[in-house]
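Since the structure comes first, as structure tokens, the remarks are kept for the end.
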Amino acid sequence: MPLGHALDNRFAQLCGIEVPFSFDVKRALDINVRHGDFDFLFCPLMYTGYAPNKDKALTLNRQLLPYAGVNTGVTYGQWAGLVFAKISPTWLDLDSEDENVRVNAEAILKQQIEWASYLSVKHCVLPTPDGNSCANYAKCVNQILQGLKNMESAMKLLLRIPVGMSNDDYRPLSNALVDSWETWNSFRMLCDHHSQLVVALDIKRVLPPENSLKRWFGEPVTAAILDTEIFLTKARGNTLYLPKRHQKLIADLFHLDTRIVISEIKVPTSAQSAAGSKSQPLLAYWSQVSNIYKQRDPVSEQERSEFYTRDILQPSLRPSRNYSHAISYDDHEKDLVKYLHYEIAISRALLERVPDERASVIATVLVVVGAGRGRLVHASLKAAERTGRKLRVYAVEKNPQTVIALDELIRANNWDNTVSVVSSDVRDWSAPERADILVSDFLGSFGDNELSPESLDAAQRFLEKDGISIPSSYTSFLQPLTAPKLYQEAKARKDILHSESACLVNLHNVARLTPSQQVFTFSHPKCSDNQSNQRYQKLEFRIPTDTGSAMVHGFAGYFNATLYKSVLFGTEPSTMTPNLNTWSGMSGVLHLLLHLQFTIVMVAHAGWIFNITQMTFQKRSHLVLILTTY
């Protein structure tokens with residue numbers, strides 16, 4: 001039975017079992033899935049002892065037919081949803097020096113894929129490549145992928161890649177060892193980053209260092225295969241358990257919706273007929289995986305609502321150029337955490353600006369720059385009510401459509417005597433009086449790409465000399481990412497918008513290769529009108545020595561903002577504000593300019609423009625970034 005539910009409320013097929021080749025797939029499904037504890041089968045569809053020959057047609061003798069039989073009891077849906085096909089590695093030396101061996105191997109690989117496609121199987125697990133010498137293997141797989149694309153088939157090919165070693169002699173810096181990530185990277189590049197080529201991690205007993213493992217969290221890991229040798233036995237009680245590092249790895253993979261396969265079961269087939277029984281030998285393995293799944297943090301409502309927006313490139317909002325639509329305001333106004341922070345910041349500013357003994361006679365002039373549909377206005381009035389202070393509010397909004405909704409809100413709440421609605425660009429508005437407090441949320445996902453700081457600089461001319469700006473400052477950050485899914489999407493769009501400019505992204509299936517670094521900081525109000533917004537920054541990212549090589553597909557952009565004194569919020573991972581969902585994150589897909597040093601140009605009012613390609617961090621290497629504004 002499925003371990004749980006997926007975020008989209010469907011049953012999550014999370015734990016499968018590897019079974020040997022069988023002509024009776026229906027019986028294997030009945031034993032292990034229908035009446036057992038597992039969610040799907042991982043099984044070969046071709047008899048491993050079958051010797052292929054491209055010059056001979058397949059025999060139709062029923063006793064010699066090398067394929068798993070098409071049982072009338074196995075439906076299309078069961079083949080598609082309950083079976084992962086294991087492509088038999090026997091006779092698959094696709095990079096052999098012997099031409100006959102190589103040609104026969106190509107033929108048998110295509111035969112197996114064609115059979116799986118005919119059965120409607122959605123996942124085929126390919127054998128592990130032989131190190132980095134897999135050019136012909138990759139070529140053959142790429143041809144198959146192109147054929148699947150032409151047939152509009154949704155089948156995915158999972159390349160089986162080992163992680164770790166099966167003995168205690170693992171030496172992560174040994175030159176004799178092949179970095180399995182490099183094997184995967186070489187293979188997928190030869191297949192032109194095809195979206196239907198994904199990974200099946202073959203997890204071994206001795207895992208590589210933590211930084212090396214993290215690279216896989218950015219890869220399309222669809223399945224993880226656990227050999228039973230990984231499971232240890234407690235001295236007391238004779239019960240199975242998984243080492244802590246393996247438990248953590250599996251929990252992290254569950255977060256990426258990865259399926260787990262229990263492999264190399266040392267149980268006689270006859271014993272498997274007891275599936276479902278408490279004494280069933282396979283239940284101990286299933287229970288360990290099940291416990292890890294159940295110990296995960298429960299799925300929050302925010303995670304559920306963001307499920308369909310994960311790893312999707314969206315153009316950045318540019319309200320300085322284009323008017324935002326109602327749906328954008330709908331999304332932003334749901335962020336209760338954001339507006340609560342603004343309310344707290346305004347409350348503290350009011351308390352410090354107006355002493356208690358004068359609270360009843362002084363009306364603080366507050367200007368909301370970019371009032372939208374009034375959530376910042378509402379937060380300001382709640383802050384005044386909380387502190388017992390008087391306010392006179394100017395709500396400045398340049399979107400003529402939004403002004404209509406803003407005006408309706410003001411009249412509906414009888415705020416007419418307190419709030420004046422101004423339909424104007426703040427850069428053109430002549431304020432009737434100076435402001436004590438200036439409030440704005442002109443912060444893009446990167447912290448400064450919605451015409452901030454320019455708009456706040458323009459509004460500063462009607463701010464009192466001792467006036468308060470909320471926010472008072474913000475700092476941007478960059479972090480290199482491995483993000484193949486985003487790279488594939490940008491590459492498929494074939495336009496400069498997605499490949500060479502900043503996009504909004506709800507980052508999920510990515511690997512963060514190094515900690516983020518500060519880029520630019522802007523403060524308000526400026527101490528001098530002559531102070532420039534031009535910035536120059538050189539960032540040097542160094543990959544940890546135990547990571548190994550890694551692909552840089554882009555950069556995530558974050559920000560931290562100081563609203564007022566100790567009232568802070570932000571999206572930078574190490575200090576992220578919980579449940580702050582207005583700003584999803586930002587990534588720029590890279591295009592090559594120079595080998596390990598390149599220039600990026602920032603246009604403050606239009607986001608970031610990236611002119612770089614995907615790049616590979618070699619072992620012990622670094623990446624240099626030069627950034628500037630103008």
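The values are calculated or read from the model by the stated rules, or taken from the named source; none is laboratory data. Note that the structure is a prediction, hence the values are computed from the model and not measured. Note that we place each Cβ from the backbone using ideal geometry, even for glycine, and neighbour counts take in every protein chain shown.
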| query | If you check Leu443, Leu497, Leu481, which single one turns out to be in a loop (DSSP other than H, G, I, E, B) and at pLDDT below 90? | reply | Leu443
| region 233-249, residues that are under 26 Å from Lys86 (Cα atoms) and in contact with a Lys or Arg (Cβ under 9 Å, 6 or more places away or on another chain) | His246
| request: Please give the number of the condition Glu572 fails out of (1) under 28 Å from Glu219 (Cβ atoms); (2) surrounded by fewer than 16 Cβ atoms within 10 Å (Cβ to Cβ); (3) of a type in the set (Asp, Glu). | output: (2)
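Residues are listed down the side, and each one gets a yes or a no for (1) surrounded by fewer than 16 Cβ atoms within 10 Å (Cβ to Cβ); (2) among the aliphatic types (A, V, I, L, M); (3) under 31 Å from the mean Cα position of the chain (by Cα):
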{"residue": "Ala395", "(1), (2), (3)": "no, yes, no"}
{"residue": "Leu409", "(1), (2), (3)": "no, yes, no"}
{"residue": "Val426", "(1), (2), (3)": "no, yes, no"}
{"residue": "Ser455", "(1), (2), (3)": "no, no, no"}
{"residue": "Lys465", "(1), (2), (3)": "yes, no, no"}
{"residue": "His508", "(1), (2), (3)": "no, no, yes"}
| Every residue from region 501-545 that is of a type in the set (Gly, Ala, Ser) and under 17 Å from Ala556 (Cα atoms) | Ser501, Ala502, Ala511, Ser516
| said: Between Ser476, Ser469, Ser445, which is without any contact (Cβ under 8 Å) to a residue 60 or more places away in the chain and either buried (at least 21 other Cβ atoms within 10 Å of the Cβ) or within 20 Å of the chain's Cα centre (by Cα) (or both)? | reply: Ser469
| task | Return yes or no: is Arg358 surrounded by fewer than 22 Cβ atoms within 10 Å (Cβ to Cβ), under 19 Å from Ala345 (Cβ atoms) and over 34 Å from the mean Cα position of the chain (by Cα)? | result | no
| Failed item in (1) within 18 Å of Leu158 (Cβ to Cβ); (2) at pLDDT 85 or above; (3) not acidic (Asp, Glu), with Leu45 passing the rest | (2)
| remark: Picking from Ile292, Ile312, the residue that is at pLDDT 70 or above, over 30 Å from Asp30 (Cβ atoms) and either among the aromatic types (Phe, Trp, Tyr) or within 28 Å of the chain's Cα centre (by Cα) (or both) would be Ile312
| said: Go through region 214-249 and report how many residues are surrounded by fewer than 21 Cβ atoms within 10 Å (Cβ to Cβ) and free of Cβ contacts under 8 Å to residues at least 60 places away in the same chain. | reply: 18
| Tally time: how many residues in region 195-216 are touching a helix residue (DSSP H, G or I) at 6+ places or on another chain (Cβ under 8 Å) and under 19 Å from Lys485 (Cα atoms)? | 8
